[in-house]
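The values are calculated or read from the model by the stated rules, or taken from the named source; none is laboratory data. In this text the structure is predicted, and so the values were computed from the model without any measurement. All Cβ positions, glycine included, derive from the backbone under ideal geometry; neighbour counts span all protein chains shown.
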Amino acid sequence: MDASIRKIFNQNFTNQKYQEFLNRLNDGQPNPVSFRVAETPIFLTADFRDKLITAGNGIIDTILQPGFKQLTERAIPHKWRIPNENDHPHFIALDFGICKNDDGEIVPKLIELQGFPSLYGFQLHLGDTYRETFDIGANETNYFSGLDKTTYLELLRRTILGPNDPEEVILMDVNAHEQKTAVDFCITRQYLGVPVIALSDLQQEGNQLFYEADGIKKRIKRIYNRLIFDEIDGDDTIFDKIVDIRQPLDVEWITHPNWFYRISKFTMPYLSGNDIPKTEFLHELSEIPADLENYVLKPLFSFAGQGVIIDVTENDINNITDPENWILQQKVNYEPVVQSPNGGVKAEIRLLYLWPNGDKKPTLAINLARLSRGKMIGVRYNKDFDWVGGTIAFIPR
C-alpha cells in the first residue's frame, strides 16, 4: 500500500466529508446505494499493481487455452445449460485477497473468479466520487491498460451494445429494480441508454423476444445478462409463468449464462502458481489433509459466500453427499494492510476485464475492492464495523 498517500488521506478525513461523499454518490439516483460503501479507497503502489496484473495474466492465459471449453463442460448444470453460447465470455472478474507470504512480502492471492459481469457502471461513478470529494491526485487512476473515463466508456459500450442501438439491448435480471445492485443498473442505463428489464417483463413471439416501453413493443437483439440462476433455482414452475430463456432464442447473450459456470470456483483446481491457493475437487481428494484448519470447503455453485464452511472438520467432508460439486481450498489469510484511524483493515481487489466481440483477448479495465474486519469479505460478516464495505483501488498512472 502507498503509505504516503494513506497518511495524507487519513489526516484530512472527517466524518462530515464522508457524509458529503455518500450524498454525492446517491445524488441523482432513484434510491440510495443499498450496500455499505467504505470511508476510503485503497491506494496501491506500482509494485503491487504490477503483481496483480501479472497474476491476472496467468489466469487469463489458462482461459484462453483452446481446450478450456471442453475442460469446463461438466461445470454447467444440465437444467441451466443455454443454447447458442458465445465463443468467449464478455466479462471476467478475478478476486484477489491482499496477503503476506512466508517471506513477509505483501502479495495477491486468488480467492475466486467469475465469467460474469460485476459493477462496471457503479465503479466508474464510485471512482469519480472518491476523487471529487477527497481530492485524489491526478497521478492516481482507477483504470488499467492506459484507459481513462472516455476510453473506458467506449470499451464498455463496444462490449455491451456492439453494433446495436441502445433500445435493442436490455439489461436483464430477476426483479431487476429490487436488486441490491440496482444502482449499477441505473448508472449503466444513464451512461449507455440500455433499458433495465425484469425477467418477468420479457415477451416472446416465435423465437424472438420483446419488451414494452411507453406502450411500444420493441425487439430485443442482445441481453446484457445480470441474472444468476441461483436466484430462481428454488422455483421449479417459474418458466410455466414467464418466458423460458433456456430455449434456442434469436438473441445474443452478453455474456452467455454458461460462462458463469465455466469461469467460477470450478476453474480453481486447474490453475497453478504462487498466486493460486492449492485447490482440489472434493471427489478427487486422495486423502484428507492433516491440517484441515488451513482449508476452507466451498460449494461450486453458490454465490455471495453462501454455503462456505470456514472451520472444516473431517465430519464436514464425510457428510458431503455430492463431493463432485465441492472444492477444498487452502485458506488465504488476509493481511490487514489498509490503515484506518483505529487499526488495520483487510482488503480484497477484483480485477474487471472487458472482452467485446472482435477483440482477440480481454482487456483489464477497472477494479472493485472491498474492505473487511470480519472472518470473510462480505456485508453479512461486517455488520456494525466502520471503514469496511465496497470501495475501489487507485493505482499510479
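Can you pull out every residue in region 263-316 that is over 29 Å from Trp80 (Cα atoms), among the small types (Gly, Ala, Ser) and touching a residue at least 24 places away in the same chain (Cβ under 8 Å)?
Answer for region 263-316, where residues must be over 29 Å from Trp80 (Cα atoms), among the small types (Gly, Ala, Ser) and touching a residue at least 24 places away in the same chain (Cβ under 8 Å): just Gly273.
Starting from region 246-257, keep only residues that are among the hydroxyl-bearing types (Ser, Thr, Tyr), then list their pairs with residues that are not in a strand (DSSP E or B) whose Cβ atoms are within a distance under 6 Å, requiring at least 6 positions of separation or different chains.
Note: pairs meeting the criteria are Thr255/Pro89; Thr255/His90.
Restricting to region 268-305, count the residues that are of a type in the set (Lys, Arg) and in a strand (DSSP E or B).
Residues that pass the stated criteria total 1.
Here is a list: Gln204, Gln190. Which entry is assigned to a strand (DSSP E or B), among the polar types (S, T, N, Q) and either modelled with pLDDT of 95 or more or over 22 Å from the mean Cα position of the chain (by Cα) (or both)?
Gln204
Quick one: is Leu94 within 21 Å of Val338 (Cβ to Cβ), of a type in the set (A, V, I, L, M), surrounded by fewer than 23 Cβ atoms within 10 Å (Cβ to Cβ) and modelled with pLDDT of 95 or more?
no
Here's the yes/no breakdown for (1) in a strand (DSSP E or B); (2) surrounded by 14 or more Cβ atoms within 10 Å (Cβ to Cβ); (3) under 19 Å from the mean Cα position of the chain (by Cα):
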| site | (1), (2), (3) |
| --- | --- |
| Gly307 | no, no, yes |
| Asp311 | no, no, no |
| Asn315 | no, no, no |
| Ile327 | yes, yes, no |
| Gln339 | yes, yes, no |
| Tyr353 | yes, yes, yes |
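Condition (residue is touching an Asp or Glu at 6+ places or on another chain (Cβ under 6 Å) and charged (D, E, K, R)) applied to region 73-87: is it met by at least one residue?
No: zero hits.
Considering only residues that are of a type in the set (D, E, K, R), surrounded by fewer than 19 Cβ atoms within 10 Å (Cβ to Cβ) and in contact with a helix residue (DSSP H, G or I) (Cβ under 8 Å, 6 or more places away or on another chain), which ones fall in region 4-42?
Passing the criteria: Lys17, Glu20, Arg24, Arg36.
I want to confirm something. Restricting to region 131-148 and keeping residues that are out of contact with any Leu (no Cβ under 9 Å at 6 or more places or on another chain) and part of a helix (DSSP H, G or I), which single residue is nearest to His256 (Cα to Cα)?
Here the residue is Arg131.
Being crowded, with 20+ Cβ neighbours inside 10 Å and either closer than 18 Å to Glu324 by Cβ or touching a Phe, Trp or Tyr at 6+ places or on another chain (Cβ under 7 Å) (or both), is that true of even one residue in region 241-254?
yes
Can you pull out every residue in region 58-73 that is without any contact (Cβ under 8 Å) to a residue 12 or more places away in the chain and assigned to a helix (DSSP H, G or I)?
Listed by number, the residues that qualify are Asp61, Gln70, Glu73.
Mind counting the residues in region 207-233 that are part of a strand (DSSP E or B) and of a type in the set (Gly, Ala, Ser)?
Of the residues in region 207-233, 1 are part of a strand (DSSP E or B) and of a type in the set (Gly, Ala, Ser).
Conditions tested, residue by residue: (1) of a type in the set (Gly, Ala, Ser); (2) part of a loop (DSSP other than H, G, I, E, B); (3) in contact (Cβ under 8 Å) with a residue 60 or more places away in the chain; (4) on the phi > 0 side of the Ramachandran plot.
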| position | (1), (2), (3), (4) |
| --- | --- |
| Asn84 | no, yes, yes, yes |
| Asp95 | no, no, yes, no |
| Lys109 | no, no, yes, no |
| Tyr120 | no, yes, yes, no |
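Checking the structure you have, find out if any residue of region 37-57 is over 23 Å from the mean Cα position of the chain (by Cα), assigned to a loop (DSSP other than H, G, I, E, B) and free of Cβ contacts under 8 Å to residues at least 60 places away in the same chain.
no
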